[in-house]
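To start, the structure itself, in structure tokens.
The values are calculated or read from the model by the stated rules, or taken from the named source; none is laboratory data. These numbers were taken from a predicted model, which means no experiment stands behind them. For neighbour counting, all protein chains shown are included, and Cβ atoms are generated from backbone atoms with ideal geometry for every residue, glycine included.
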Amino acid sequence: MKKEWPLWEVFIRGQHGLNHRHVGSLHAPDAEMAIKNARDVYTRRNEGVSIWVVEANNITASSPSDKGPLFEPSNSKVYRHPTFFDIPEEVGHM
Amino acid sequence: MYAQMVKSTGKGVQSLEDMSPEERAFQERIDRGEKIEPKEWMPDGYRKTLVRQIGQHAHSEIVGQLPEGNWITRAPTLERKAILLAKVQDEAGHGLYLYCAAETLGVSRDELLEKLHSGDMKYSSIFNYPTLNWADIGAVGWLVDGAAIMNQVPLQRTSYGPYSRAMIRICKEESFHQRQGYDIMMKMAFGTEEQKDMAQDALNRFWYPSLMMFGPSDKDSVHSAQSMAWKIKINTNDELRQKFVDQTVPQAKYLGLTIPDENLKWNEEKGGYDFSEPDWTEFFEVIKGNGPCNKERLGARVKAWDDGAWFRDGLMAHAEKQSAAKLAAE
């Protein structure tokens with residue numbers, strides 16, 4: 001029998017109050033071992049307070065070629081940003 | 001370097017006009033400083049060269065554990081032992097970051113390891129030299145990690161996203177390695193006469209092999225030119241070697257140790273030291289597999305891999321059984 005351990009993507013919450021953030025990947029036979037390995041590989045210097053692992057083949061990603069159709073439409077909607085609107089100074093902070 | 005003499009594929013650098021539209025768009029992205037990410041289009045040569053370079057770099061981190069691991073059980077104090085253990089564990093981590101970066105290019109971990117074990121892929125020549133005594137552990141941290149940092153710092157800006165991110169993590173951790181080595185050297189150089197002699201002896205033996213880490217001069221190499229155009233390589237080997245010498249000479253002076261080179265001399269004009277080239281015949285012999293420890297190092301890797309096979313398979317079988325049981329229960 002010869003079978004490579006599956007690949008897991010590792011997400012770490014650096015501090016309380018922050019999002020989990022992708023830090024890298026590793027191989028492990030199952031989720032439990034993936035957490036243990038992630039602790040050894042990615043948090044040797046106190047980098048985290050919580051770990052998520054997800055088997056890499058369970059992740060669905062957008063394709064690089066869809067970048068245009070997906071993200072360009074928001075470019076023209078500048079009014080979504082507060083700086084689009086000029087508020088007279090005498091109104092004060094808004 | 002950790003990746004020495006990596007050959008790029010293809011005919012060398014093409015001008016933008018000679019490139020296909022895809023290649024040109026790709027090169028322009030690199031020239032703009034954009035990062036290339038795994039699923040995006042890239043020239044075949046870029047992918048292949050990166051697999052070779054990142055793979056060789058990863059192998060070096062892993063094989064690099066062996067000469068130092070040799071001294072974990074023989075460290076002079078419990079503190080030194082804990083520090084060395086942490087350093088060697090870091091090297092394992094660095095190897096893993098890099099393997100993962102290489103795998104994003106479509107090569108599997110097992111494939112990379114098989115190529116290391118069969119001798120198809122290389123690791124840095126430096127790890128084929130023995131660590132004979134405790135002073136060598138100091139010299140390895142100071143010189144070998146010092147030379148590695150020289151190469152790795154600019155690689156943080158490399159064009160391939162996963163490689164760049166791995167290098168950023170590695171560089172954050174690497175300066176601890178060099179400092180712990182220099183700390184050992186200070187202790188020995190300022191210790192008894194015998195300790196100082198050991199420190200000098202370690203410097204004598206590791207100096208030229210450390211200079212070899214950067215690889216032979218590549219200022220006229222087409223491979224290097226292509227890698228530099230792709231921002232896989234940022235500086236020439238000679239530039240990095242010069243920087244390393246200029247940085248290290250004052251550090252040796254502080255220790256009261258002598259660099260084993262009669263031709264070492266400050267050159268006011270170039271603002272750097274003149275120094276002797278290492279023996280490149282020796283370098284090519286080591287690369288070919290005839291260094292003092294090549295067989296021992298590769299032998300240890302293959303043994304660890306073979307001896308661990310039942311364990312890897314056992315854990316996998318257990319995981320499969322558990323997931324089958326979970327499925328049946330649902």
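How many residues are in contact with a Leu (Cβ under 6 Å, 6 or more places away or on another chain) and aliphatic (A, V, I, L, M) when one looks only at the range B:16-37?
Step one: list which residues in the range B:16-37 are in contact with a Leu (Cβ under 6 Å, 6 or more places away or on another chain), which gives B:24.
From the residues that got through so far, the ones that are aliphatic (A, V, I, L, M) too are none.
Residues meeting the conditions: 0.
Specify the residue that is farthest from B:Asn237 (Cα to Cα); the eligible residues are those in the range B:111-151 that are within 14 Å of the chain's Cα centre (by Cα), among the aliphatic types (A, V, I, L, M) and in a helix (DSSP H, G or I).
B:Val140
To keep it simple, each residue is scored yes or no on (1) hydrophobic (A, V, I, L, M, F, W, C); (2) within 30 Å of B:Lys288 (Cβ to Cβ); (3) free of Cβ contacts under 8 Å to residues at least 40 places away in the same chain.
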{"site": "B:Thr192", "(1), (2), (3)": "no, no, yes"}
{"site": "B:Gln195", "(1), (2), (3)": "no, no, no"}
{"site": "B:Leu203", "(1), (2), (3)": "yes, yes, no"}
{"site": "B:Trp207", "(1), (2), (3)": "yes, yes, no"}
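Name the one entry in A:Ser25, A:Ser62 that is at pLDDT 95 or above and among the polar types (S, T, N, Q). Lay out the reasoning, then the answer.
Values: A:Ser62 fails: at pLDDT 95 or above.
Only one candidate qualifies: A:Ser25.
Determine if the range B:292-305 includes at least one residue that is within 14 Å of chain A (Cβ to nearest Cβ) and of a type outside the set (S, T, N, Q).
Within the range B:292-305, one or more residues are within 14 Å of chain A (Cβ to nearest Cβ) and of a type outside the set (S, T, N, Q).
Does B:Lys231 satisfy the condition of being touching a residue at least 40 places away in the same chain (Cβ under 8 Å) and either within 14 Å of chain A (Cβ to nearest Cβ) or among the charged types (D, E, K, R) (or both)?
Spelling it out, B:Lys231 is indeed touching a residue at least 40 places away in the same chain (Cβ under 8 Å) and either within 14 Å of chain A (Cβ to nearest Cβ) or among the charged types (D, E, K, R) (or both).
Scan the range B:97-110 residue by residue and report those that are part of a helix (DSSP H, G or I) and either in contact (Cβ under 8 Å) with a residue 24 or more places away in the chain or more than 9 Å from chain A (Cβ to nearest Cβ) (or both).
The answer is B:Tyr97, B:Leu98, B:Tyr99, B:Cys100, B:Ala101, B:Ala102.
Write out, first by first residue and then by second, each pair whose Cβ atoms fall under 7 Å of each other, whose residues are 6+ apart or on separate chains, and whose first residue, in the range B:145-173, is away from every other protein chain (no Cβ under 14 Å) while the second is of a type in the set (Asp, Glu).
Every condition considered, the pairs that remain are B:Asp145/B:Glu174; B:Ala148/B:Glu174; B:Ile149/B:Glu174; B:Gln152/B:Glu174.
Output the residues belonging to the range A:7-23 that are at the interface with chain B (Cβ under 9 Å from one of its Cβ atoms) and in contact with a Phe, Trp or Tyr (Cβ under 6 Å, 6 or more places away or on another chain).
If the condition is that a residue be at the interface with chain B (Cβ under 9 Å from one of its Cβ atoms) and in contact with a Phe, Trp or Tyr (Cβ under 6 Å, 6 or more places away or on another chain), then A:Val23 is the only one that fits.
Search the range B:249-273 for residues that are in contact (Cβ under 8 Å) with a residue 24 or more places away in the chain and pair each with any residue that is acidic (Asp, Glu) when their beta-carbon atoms are under 8 Å apart and the residues are at least 6 apart or on different chains.
Filtered contacts from the range B:249-273: B:Gly272/B:Asp246; B:Tyr273/B:Asp246.
From the list A:Gly14, A:Gly24, A:Gly48, which one is out of contact with any helix residue (DSSP H, G or I) (no Cβ under 8 Å at 6 or more places or on another chain) and in contact (Cβ under 8 Å) with a residue 12 or more places away in the chain? Let's see the steps before the verdict.
Values: A:Gly24 fails: out of contact with any helix residue (DSSP H, G or I) (no Cβ under 8 Å at 6 or more places or on another chain); A:Gly48 fails: out of contact with any helix residue (DSSP H, G or I) (no Cβ under 8 Å at 6 or more places or on another chain).
Exactly one of A:Gly14, A:Gly24, A:Gly48 is out of contact with any helix residue (DSSP H, G or I) (no Cβ under 8 Å at 6 or more places or on another chain) and in contact (Cβ under 8 Å) with a residue 12 or more places away in the chain, namely A:Gly14.
Taking B:Lys288 as the residue in question, decide whether it is more than 14 Å from chain A (Cβ to nearest Cβ), among the charged types (D, E, K, R) and either in a helix (DSSP H, G or I) or in contact with a His (Cβ under 8 Å, 6 or more places away or on another chain) (or both). Give the derivation first.
On the way: more than 14 Å from chain A (Cβ to nearest Cβ): yes; among the charged types (D, E, K, R): yes; either in a helix (DSSP H, G or I) or in contact with a His (Cβ under 8 Å, 6 or more places away or on another chain) (or both): yes.
Against the criterion (more than 14 Å from chain A (Cβ to nearest Cβ), among the charged types (D, E, K, R) and either in a helix (DSSP H, G or I) or in contact with a His (Cβ under 8 Å, 6 or more places away or on another chain) (or both)), B:Lys288 qualifies.
Scan the range A:24-41 residue by residue and report those that are facing chain B (nearest Cβ under 8 Å) and surrounded by 15 or more Cβ atoms within 10 Å (Cβ to Cβ).
Hits for the range A:24-41 are A:Gly24, A:Ser25, A:Leu26, A:His27, A:Pro29, A:Asp30, A:Met33, A:Val41.
So if I check each of B:Gly45, B:Gly69, B:Gly95, which one is buried (at least 16 other Cβ atoms within 10 Å of the Cβ) and either within 15 Å of the chain's Cα centre (by Cα) or aliphatic (A, V, I, L, M) (or both)?
The conditions single out B:Gly95.
Restricting the search to the range B:295-326, which residues are more than 30 Å from B:Asn128 (Cα to Cα) and touching a residue at least 24 places away in the same chain (Cβ under 8 Å)? Show your work before the answer.
Filtering the range B:295-326 down to residues more than 30 Å from B:Asn128 (Cα to Cα) leaves B:313-326.
Correct list: empty.
Among A:Ala56, A:Ala61, which is the only one that is within 22 Å of B:Ser323 (Cα to Cα) and of a type in the set (Gly, Ala, Ser)? So that I can check it myself, show each step before the final result.
Values: A:Ala61 fails: within 22 Å of B:Ser323 (Cα to Cα).
That would be A:Ala56, the only listed residue that is within 22 Å of B:Ser323 (Cα to Cα) and of a type in the set (Gly, Ala, Ser).
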